[in-house]
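Heads up: the structure comes next, in structure tokens.
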Amino acid sequence: MAKIRVLKFGGTSVGSPEAIRQILKIVKKKERGTRIAAVVVSAFSGVTDELIRIGTLAAAHDNSYKRALLDLKNRHIRAVTELMSRGNQKASIKTVEELFGFLDSVIHGVSLIHELSPGALDYIMSYGERLSAHIVADVLNDKGVSAEYLNARKIIVTDDTFGSASVDFKATNRAVRARFKERKKLQVVTGFIGSTVDGKTTTLGRGGSDYTASIVGAALNAAVIEIWTDVSGVMTADPRKVKEAFPVKAMTYEEAAEISFFGAKVIHPPTMQPAQEKDIPLLIKNTFEPDAPGTIVHSNVLPSETFAKGITSIGDIAMLRVEGSGMAKIRDAASRLFSATARASINVILITQASSQYSITLAVAGKDADSAQRAINEEFKLERRANRIDDVVVEKGLAIIAVVGEGMKKRPGIAGKLFRTLGTNGINIVALAQGSSELNISLMIKAADTVKALNAIHASFFFPKQREIHVFLIGTGLIGGTLLRQIGEQYEFLAKERGVRVRVIGAADQGHMWMEESGMPLGSWKSTLSGSRAKTNVPSFIEKMKKMELPNKVFVDCTASGEIASLYGDLLNSGIWIVTPNKRANSGPYEYYAKLQQYASFPGVQFFYETNVGAGLPVINTLNDLRDSGDRIVRVEAVLSGTLSYIFNTFTKGKRFSDVVREAKRLGLTEPDPRNDLSGEDVARKILILAREVGHTLELAGVKLQGLLPPKFTSANTPEKFFALLEKEDKAFEKMRATADRQGKRLRYIARLEKGKVSAALEAVPSSHPFYDLRGSDNIVAFTTERYKDTPLVVKGPGAGAEVTAGGVLADILRIGMTIL
């Protein structure tokens, strides 16, 4: 005997003639050993909402409902003419016109009495399914499939709770079996609707066509109930919010019920009950991709490799907090709380209670918040007067996120992983609930953080070995441009070998800015940025970045701007991580430096600036490792300017100092204005940063600085003026070089930190000095500590150039990637 299948089509699956053609193909496709007993259909997409609108207009005595009703009628007639052969169209169109005639009469009555009762609304809404089922049945017959229209009011028996009727399963099962025993043709059933014992039309709640299919399938002991929608199964998250979401292969009834309750739209929540009681699998399939495997929901599901099966959310949530010093002594406080909300017809979505019994927190839909507050305040009015309970506190603008999965049971660390993931992204949990079944962890957060939270949790739970960083770059000059090239070149390696995907979401230079959630094409970043119509506006760039609901946002500042550095505090306080070679923030006022360090110590915030001091060299990390491990810094000596290192390493006999500086500028080793290098201020800022990292509360003015240029250079504000003046200094520099050479020494610009004193000056060092043999643009830092007292710990290497600096910035970005859970 062939096994019975029950199919349900809804949403956009019956939204157009093309969709109905897909239904025809699916129904016609034979599966060995099975037969389709019933096809349950919902209304054409959007029709139920339009019928509600028409009824509301009629009740308001707004005659525009007539035009809307005519448009709806014409839509259904057009579907018939597009789908059926001419010979069979007339009868089908006649049925459509008759149904609209009945519907028009009812709506006209609503307009006369200016009232749309719940019963009248259910009756009006029922026409959506009645029309679609008639048309689908007619199309099937027209194409050679023997089918018969079945109005579910004949088989689904309910109470008279209009809008969300309860099913009388005993009477319904008897009616379904009798009908299908009598009729052997394929039954095309109206979803969503039923009727009372005395024949009043009812509905099963929005999305109730799934429920209809489950009721019919269970009554017939079907082998499978197939729910055909416009997605390829139950997704791990809403793909409109989480682009990495993918279909779940299999899940239990309990998992499906939890996911549907907490916002997943694929399955109507009550659908599971009839199927589960008979242990009938539910198969969720895509009408437009029928060969996709979909999701099977049943009791016998193998353990999953992932912790969770799905992450869902409900928006527009309000939290009500009931608390007071006398709460613990009030008998049945929770019971009275539920009774009060039930009397006000308010559904409590989530509830938590402190173990001290001092407070109870509950979540309701935002639209119910005020009513719930009034109901609870009224219930406990005597206790409030006695100051045993405070007035109910309401917080709106929240959302609930639910993480669902059997794989979380008896697995230590799941809640901790969830907390760390949200904390890393600066998302605060307002309230939390977890059932004893460990199937679901539900938490409340600010609604504005919903998409960011969903993406972060999804990545952490479903791709634990993959981490995604979203970069927002300001400054695409030598360093920033090189960084973009390096990210592009390393992308595949990092994704495959390190599990880190670095995506550039925004970029800005002096003229243009660009920002797209899809990410910048790094192979053509220059044309993409220059082709952007958006002119650079830093506050606007920052605001757009903040509003983007992405996890793991990293602001990368490759400028030398003090204005942009002044924004770091606000960014860190907003939970956005910062990576920068810009030393302005850390070498500015000490108060600001200390504030940034404080912000960076908060959970979910990272501030990396290794390239502030030694380009790509691990100078700051080495210093902090020494201190963290208990060593004490005695002295720091360093050549901290790759530019000055190159200049004095290249400034040999026979070369003019001005020519050496010109060559360094041509090679991109100097700042656009070489005075910034030769003033020594850059070195002063770097040694100041190291001093602060050691723990000294110093200001920039406290650095004893000996620059290389006399005061007259302040007026040399163009390259031409600068080099004209510098040529006049060639003799003075040659004299210093020659004097050092006669003494067997070499000129080096050295920064020092010792006993809280900081300096930067040009010195002549002997051949025994570790800085004597520097080459090219190398930097060198010598740490003398209690452990490294006789032989200093030396960090040495290139200290200038776009490649090494950009590489250091990328390394800091990847350090952030390693901290993402």
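At-a-glance table
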read-out	value
Candidate set from the stretch 164-177 (those that are surrounded by fewer than 20 Cβ atoms within 10 Å (Cβ to Cβ) and within 14 Å of Y211 (Cα to Cα)); member that is modelled with the lowest pLDDT	S164
Subset of the stretch 475-504 (residues that are under 22 Å from K465 (Cα atoms), in contact with a Gly (Cβ under 9 Å, 6 or more places away or on another chain) and modelled with pLDDT of 95 or more)	G488, V502, R503, V504
Only one of E182, E148 that is at pLDDT below 95 and either over 43 Å from the mean Cα position of the chain (by Cα) or open to solvent by less than 70 Å² (accessible area, probe 1.4 Å) (or both)	E182
Enumeration of residues in the stretch 720-733 that are of a type outside the set (G, A, S) and either on the phi > 0 side of the Ramachandran plot or out of contact with any helix residue (DSSP H, G or I) (no Cβ under 8 Å at 6 or more places or on another chain) (or both)	E720, K728, K731
Filter result (open to solvent by less than 10 Å² (accessible area, probe 1.4 Å) and closer than 30 Å to V451 by Cβ) within the stretch 274-285	L282, I284
Residue, modelled with the highest pLDDT, within the stretch 433-472, restricted to residues that are in a strand (DSSP E or B) and of a type in the set (V, I, T)	V471
Set F246, F307, F288, F261: member being more than 20 Å from V27 (Cβ to Cβ) and either open to solvent by less than 60 Å² (accessible area, probe 1.4 Å) or more than 26 Å from the chain's Cα centre (by Cα) (or both)	F307
Neighbours by Cβ (under 6 Å, 6+ apart or cross-chain): first from the stretch 373-390, open to solvent by less than 90 Å² (accessible area, probe 1.4 Å); second part of a helix (DSSP H, G or I) and among the aliphatic types (A, V, I, L, M)	A375/A340; I376/A340; E379/A340
Condition met for T271 (open to solvent by less than 10 Å² (accessible area, probe 1.4 Å) and either touching a Phe, Trp or Tyr at 6+ places or on another chain (Cβ under 6 Å) or not charged (D, E, K, R) (or both))	yes
Residue within the stretch 59-81 that is surrounded by fewer than 16 Cβ atoms within 10 Å (Cβ to Cβ) and on the phi > 0 side of the Ramachandran plot present	yes
Search result, residues across the stretch 798-814 that are surrounded by fewer than 24 Cβ atoms within 10 Å (Cβ to Cβ), over 23 Å from R501 (Cβ atoms) and of a type in the set (G, A, S)	G801, A802
F493, sole failed condition from (1) part of a helix (DSSP H, G or I); (2) touching a residue at least 12 places away in the same chain (Cβ under 8 Å); (3) within 25 Å of the chain's Cα centre (by Cα); (4) within 18 Å of L814 (Cα to Cα)	(2)
Filter result for G199 (farther than 18 Å from T95 by Cα and assigned to a loop (DSSP other than H, G, I, E, B))	yes
Whichever residue in the stretch 618-642 is within 34 Å of the chain's Cα centre (by Cα) and in contact (Cβ under 8 Å) with a residue 12 or more places away in the chain and, among such residues, is least open to solvent (accessible area, probe 1.4 Å)	I620
Some residue of the stretch 98-106 being touching a strand residue (DSSP E or B) at 6+ places or on another chain (Cβ under 9 Å), surrounded by fewer than 20 Cβ atoms within 10 Å (Cβ to Cβ) and closer than 25 Å to V189 by Cβ	no
Inter-residue pairs, beta-carbon under 7 Å, first closer than 23 Å to H298 by Cβ and in the stretch 230-249, second open to solvent by 40 Å² or more (accessible area, probe 1.4 Å) and part of a loop (DSSP other than H, G, I, E, B), 6+ apart	D230/F288; S232/E289; M235/F246; T236/F246; A245/D238; A245/P239; K249/P293
Only one of S85, S111, S117 that is more than 28 Å from L24 (Cα to Cα) and surrounded by fewer than 14 Cβ atoms within 10 Å (Cβ to Cβ)	S117
Residue in the stretch 109-118 that is under 43 Å from the mean Cα position of the chain (by Cα) and either free of Cβ contacts under 8 Å to residues at least 60 places away in the same chain or part of a helix (DSSP H, G or I) (or both) present	yes
Filtered residues of the stretch 522-549 (kept if hydroxyl-bearing (S, T, Y), open to solvent by less than 40 Å² (accessible area, probe 1.4 Å) and either at pLDDT below 95 or in a loop (DSSP other than H, G, I, E, B) (or both))	S532
Residue, farthest from the chain's Cα centre (by Cα), within the stretch 314-356, restricted to residues that are in a loop (DSSP other than H, G, I, E, B) and among the polar types (S, T, N, Q)	S325
Identity of the residue in the stretch 773-790, assigned to a loop (DSSP other than H, G, I, E, B) and at pLDDT 95 or above, that ends up surrounded by the fewest Cβ atoms within 10 Å (Cβ to Cβ)	E786
Lone unmet requirement of (1) in contact (Cβ under 8 Å) with a residue 60 or more places away in the chain; (2) outside any helix (DSSP H, G or I) for I429	(1)
I474 being touching a residue at least 40 places away in the same chain (Cβ under 8 Å) and crowded, with 17+ Cβ neighbours inside 10 Å	yes
Near pairs, Cβ below 6 angstrom, 6+ apart or cross-chain, from the stretch 124-152 (under 18 Å from L83 (Cβ atoms)) to any residue that is part of a loop (DSSP other than H, G, I, E, B) and of a type in the set (F, W, Y)	E129/F192; S132/F44
First in the stretch 591-607 and at positive phi, second anywhere and open to solvent by 20 Å² or more (accessible area, probe 1.4 Å), Cβ under 6 Å, 6 or more apart	G604/G423; G604/T424; G604/G426
Of the criteria (1) surrounded by fewer than 22 Cβ atoms within 10 Å (Cβ to Cβ); (2) on the phi < 0 side of the Ramachandran plot, which one G519 fails	(2)
Scope the stretch 473-482; condition touching a strand residue (DSSP E or B) at 6+ places or on another chain (Cβ under 7 Å) and in a helix (DSSP H, G or I); matching residues	G480
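Yes or no, residue by residue, for (1) in a helix (DSSP H, G or I); (2) over 25 Å from P274 (Cα atoms); (3) under 45 Å from the mean Cα position of the chain (by Cα):
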residue: I77; (1), (2), (3): yes, yes, yes
residue: H134; (1), (2), (3): yes, yes, yes
residue: F162; (1), (2), (3): no, no, yes
residue: A165; (1), (2), (3): no, no, yes
residue: K170; (1), (2), (3): yes, no, no
residue: A175; (1), (2), (3): yes, no, no
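The values are calculated or read from the model by the stated rules, or taken from the named source; none is laboratory data. None of these values were measured; they are calculated from a predicted model. Positions of Cβ are backbone-derived with ideal geometry, glycine not excepted, and every protein chain shown enters the neighbour counts. Calculation scope for accessible area: heavy atoms of the full protein, side chains included, ligands and nucleic acids excluded. Shrake-Rupley method; radii C 1.70, N 1.55, O 1.52, S 1.80 Å.
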